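Report on the structure given below.
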Amino acid sequence: MWMESCRTEQPGIVISLSKWSRIGITCSLQPGNSTTHLSKTTPGSRARGGNKMKQICLSSLLAIGLTLLLGFFVLSGPTAARLVPQIALGPTGQQPYPGPAPHPIPGKIEAEDYDEGGEGVAYHDTTAGNSGGQYRSDDVDIEETTDTGGGYDVGWIEEGEWLQYTVYVTETAYYDVQVRVASWAEKTVVETLPVIGTVTRTVPLTKTFHIEFDSADVTGPMTFIATGGWQNWTSVFARRVWLEAGQHTMRLRMDSGNFNVNWISFIKSLRADWSDEEKIDWLIGQMTVTEKIDQLHGVGWMDTADNTRLGIPGFKMADGPHGVRDGKATAFPVGIAVAATWDPELAERLGIALGEEFRGKGRNQALAPCLDITRDPRNGRSPESLGEEPYLDGEIGAALIRGIQSTQAIATAKHFAATNHQTDRTCECANRWIDARTWRELYGLPFRMAVQQGGVWSVMNAYHWINERPCSANYELLTRILRDEWDYKYYVVSDWGSIYTSAEEAINAGCDLEMPHTPGKYPSELPGAIISGTVSMEALDEAVRRVLRTKFAAGLMDEYPVGNPDDVCSQEHRALALEVAQKSIVLLKNEDNILPLDKTSPITIALIGPSADAARLDGTGSSVVDPCYAYTPKQGIENRTAGFPVNIIYARGCDINSNDTSGFPAAIAAAEQADVVVFVGGLDNTQEGEGLDRASGSVQLPGKQQELINALAAVNPNLIVVLESGGIVALEQSIKNIKGLIYAFYPGMEGGNAIADVLFGKVNPGGKLPVTMPCNDDQLPDWSDLNFANDVVDGFGYRRFDSLGLTPQYAFGYGLSYTNFNYGDLTVTPTLAPGGTPILVSVDVTNTGELTGDEVVQLYLSVDFTDPNAEAFVPMPVKQLRGFKRITLEPRQTKTVTFTLGLEELAFWSVPDDSFRIEAGIYTVRVGGSSDSLPLSKTFWLTSSVLYNSATGETSPTLRPVLGNTALNHPMTCSSIENPEYVCRNAVDGDLSTRWSSQFSDPQWIYVDLGARRKIERVILHWENAYGKEYEIQVSDDARACPASDRAETCRGLDTAETWTSVYSTTTGVGEVDNLEVSVWGRLVRMYGIKRGTGWGYSLREFEIYAWPRLVYLPVVLRQSP
């Protein structure tokens, strides 16, 4: 007896009779929830009767046994089983294989199990013999697959061939069809480019087939992009295919050649009237634990698994932020260059092109964009970042995301969050300290904008530690902020190999999917964690739900359209790469109007520098793109000056970063002969990139480049410098000798042409610096300082320069043009309004020059709060970017630019309110073309304060003032200390890097004396790894009990329940940060630990208490007058 797994929904027995050469009986036994399929045949038997099919259905089977006699055939079964025999008889010459029953639908049909009957009956194969030499001996080409459990596949397919299968559809319904295929078919594209010459690349071909039932096409074209290998398998889906119950002849017809087929699967489609959430509920309900876990980890370096039984495709990912890292592709300018365009509309168009190229490579998820903030340009991943300002970063990032996802490719916002150093990035020794406000307003802002404005479908955690928790297992980061506050609904993917904790810690913190599959903590550890209960089934289901929700949002669970391989390096994308490069170039210096150069008059150019004849596309690491071609600056200049009287003398001169000066003489000689010198230098992939912070350790242009620049200027003062890098470089030793200075960052594969276009005036530069260019290292934060707390005020970039009164080489937002702009008629409406009122700002900008040009109009906001306590408790930056717009103006043209200052632009994060807040005060609007050139300003007054929920957009008025941390530096008393390093007062010193730690026993306690009875609104506990699982927050007015000390071993006056009142308790603490709203009066506030969450003691980094000031507080409206 032959057995295989199957399902049937009809009780009883179905016997089907027809005119056959063989008789087969199939029976479905369903004891309990299990299902067994049985089949037996009697070779050579023939059924009596005509051609008309006859069916006998016994609706219920309650007898102890069943005896059915057909010929000499007997079946019997237990009373607990439901038995459905199906007798299937085939026409002469064509038989199901391996038979005798037809292939059941729903079910999987192996491609090699086509019917018996030979050429023209069961198959059509255009070549003689079995080229694979496996499984069967007819002319169909069958080989063994190389993947474990793959079985066999049909290969060497030619267009027009077909395979035929006898199938039996158990129920009339809609079905989803999945076919597993592979192909290495590709075409070679050869083209000749100006100056560069011949370039060659390969492009995968698209392959198509369809499925017919009884000669009718039921699927339409099923198309896929060749997978780059004959055993690199992918799945093609046809959704909601209508099939009638009964027996059919199914034909797999090949509309293309050169691909392999492994199997064809049919499942019933999900109900069309269900919502996506109802479909997700059903799918999760059908999954085994193993199937759930399979949704949460990789099966290769860039893929996750399909679930064939339920028709769920996997993710197919690829790097990177400025182009697909998967063979030849368009290498667009890097992220920092895109930020230099200050053009979200252009960024969205770029996102569309990126999405099309990912789709054209057969990928459905882009590991982009990178939303890292450039805290320090010496960070190796500065090329991928979007600058130093989170508002600019977020606007550009959200635009990229909208563009990518408009193509149904999944965008991935990375690296969440606060990526800076590459050195020791996977080591706890490089932990960053970040406070709640800095999280929300600075490092988290681009990601919140990605979620709430970009609608991003995936977020990737960073490699490093924050507040002594790895980002991949940081509950505060991945759950409380990302999901609870921002209402993010989709999934979090780990950066590759970034899960350093147990799988239990990571998934419970909110990291849904582990990449890649090796070493694979999720597949190896989650089964045991589910059994032990350390990961609940609810937590597992929620992770799966978020993965499935992403797949539904992207359309993977629907008719997902195939990408177009010809989109990769298309003419349209090349033109866009050139446009982005042109618009990203920043003109920083133009003494004596040395630029633009005139190529129509005879001119000799000494082209010098380590990057003059090299295409610098990126630093090193996962973002690197293999370009279809790339123009160096030298090739670009030659290309753009062809046919003009331009003579180029080239000399390399020096390396990027070495002490070799042997090239100086040739470079100086060239400069002496030239009318103008163009030096092209900067950094390259030996100096910065993923895993590689600035090799020189300094922000200065490295090696002998500045020395050579000075030597060239000494013999030819007409010196233009072009710099290419990711992290900006300083020119402290050479800037005074440079007449023209252009910053191009890493401008992509069309960068050489773009640089030439700016040099010769074909393009009027309009880019602006997305970072501050410092004079030297002393103006940057200490490289070893990883305490990012309060960075929002003065930590880095223009905020730091403003706060400390520093003068940069070139300010954030700075950039010149070949024309001039004038600002006028600034209006602000209204000038007096309650909090939460949108403020409209408009300004006129006029092009006063003779050339058409682009200007980036920038709006910065400052505030003086009405409440003096708010000024003290919530220090604000001197100014913050809160609006920008890139415009194009013809000569003498004027445009009015309008901004709206809404809730997003006016809010700050209020820790005591645990909410964004718009505070009453006088706000100053400053407008201009650079952060250090803001000629126009006006003020408006907000008369009241409101709280703002960014996830819902709702506001609520508040009369509560901004509260400060009343516990800060107040007297502390504790039950014990672990050792003299971890004393009580550390918990109120305002420094997250210090802590109080108790002895390793229960109970333990620590309390703070506020000095007077206060109205307490919020208590925040910042736990170290040793936390309280069961504890209480207690208050008391009894100030006599204990003296303030670092350790009070003899103090017992406050250890009794009569003295303290419990205002909060928990038995399920999980550590990290407990943010508790209490609203109670008291002078003493105590954390009373009942049960530790670890084998250590209780350890608090900070014990924050937010209470009203002692004086009577009047509402804002009663304290203000115009």
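Assorted remarks:
- With the highest mean first, a sort of the peptides 928-935, 406-413 on other beta-carbon atoms found within 10 angstrom per residue produces 406-413, 928-935.
- Measuring nothing but how far apart in sequence close Cα pairs (under 8 Å, 6+ apart) lie, relative to its length, the chain scores a relative contact order of 8 percent.
- Stretch in the chain that is longest and holds no chymotrypsin sites (Phe, Trp or Tyr not before Pro) that DSSP places in a loop and that have at most 13 other beta carbons within 10 Å: 302-1122
- Quarter the surface of the alpha carbon convex hull of region 821-957 and you get the mean projected area, 8.4 square nanometres.
- Global form of region 411-526, assessed from the alpha-carbon gyration tensor, a/c cut-off 1.5: oblate
- Restriction of the GluC sites (Glu not before Pro) in region 559-595 to DSSP coil positions whose beta-carbon has at most 15 other beta-carbons within 10 angstrom yields GLU559.
- 51 Å tail of the calculated P(r), the chain, as % of Cα pairs: 37 percent
- Cα gyration tensor, region 964-1107 - rounded (a/c under 1.5), prolate or oblate: rounded
- Helices in the chain that qualify as membrane-span-like (whole DSSP H runs, Cα extent of at least 18 Å along the helix axis, mean Kyte-Doolittle hydropathy of 0.0 or higher) are 390-405.
- Alpha-carbon geometry of region 619-759: the Rg and the Dmax are 15.1, 45 Å, given in that order.
- Sorted fewest first by neighbouring Cβ atoms within 10 angstrom, THR223, THR518 come out as THR518, THR223.
- Measuring between their Cα centroids, region 558-577 and region 972-1007 lie 59 Å from each other.
- Cα centroid separation - region 797-827 against region 262-335, whole Å: 46 Å
- Around ILE922: net Lys/Arg minus Asp/Glu count, Cβ-Cβ under 13 Å: -3
- Formal net charge of residues neighbouring ILE887 (Cβ-Cβ distance under 12 Å; K, R +1; D, E -1): -3
- Within the chain, helix-based [θ] at 222 nm, where runs of 4 or more DSSP H residues each add -39,500 (n - 2.57), nearest 500: -4500 deg cm²/dmol
- The value given for region 108-238 is a Kirkwood hydrodynamic radius of 16.9 Å, derived from the mean inverse Cα-Cα separation.
- Among GLU514, GLU638, a tally of other beta-carbon atoms within 10 Å of each Cβ gives an order, fewest to most, of GLU638, GLU514.
- Taken as Cα centroids, region 203-244 and region 344-402 sit 33 Å apart, rounded to the nearest whole angstrom.
- Taking Cβ atoms as reference points and 10 Å as the exclusive limit, the residues near LYS207 contribute a net charge of -2, counting Lys and Arg as +1 and Asp and Glu as -1.
Here, each number is a calculation from the coordinates, and none is a lab measurement. Not measured: the values here are computed from a predicted model. Cβ sites come from the backbone with ideal geometry, for glycine too, and all protein chains shown count toward neighbours.
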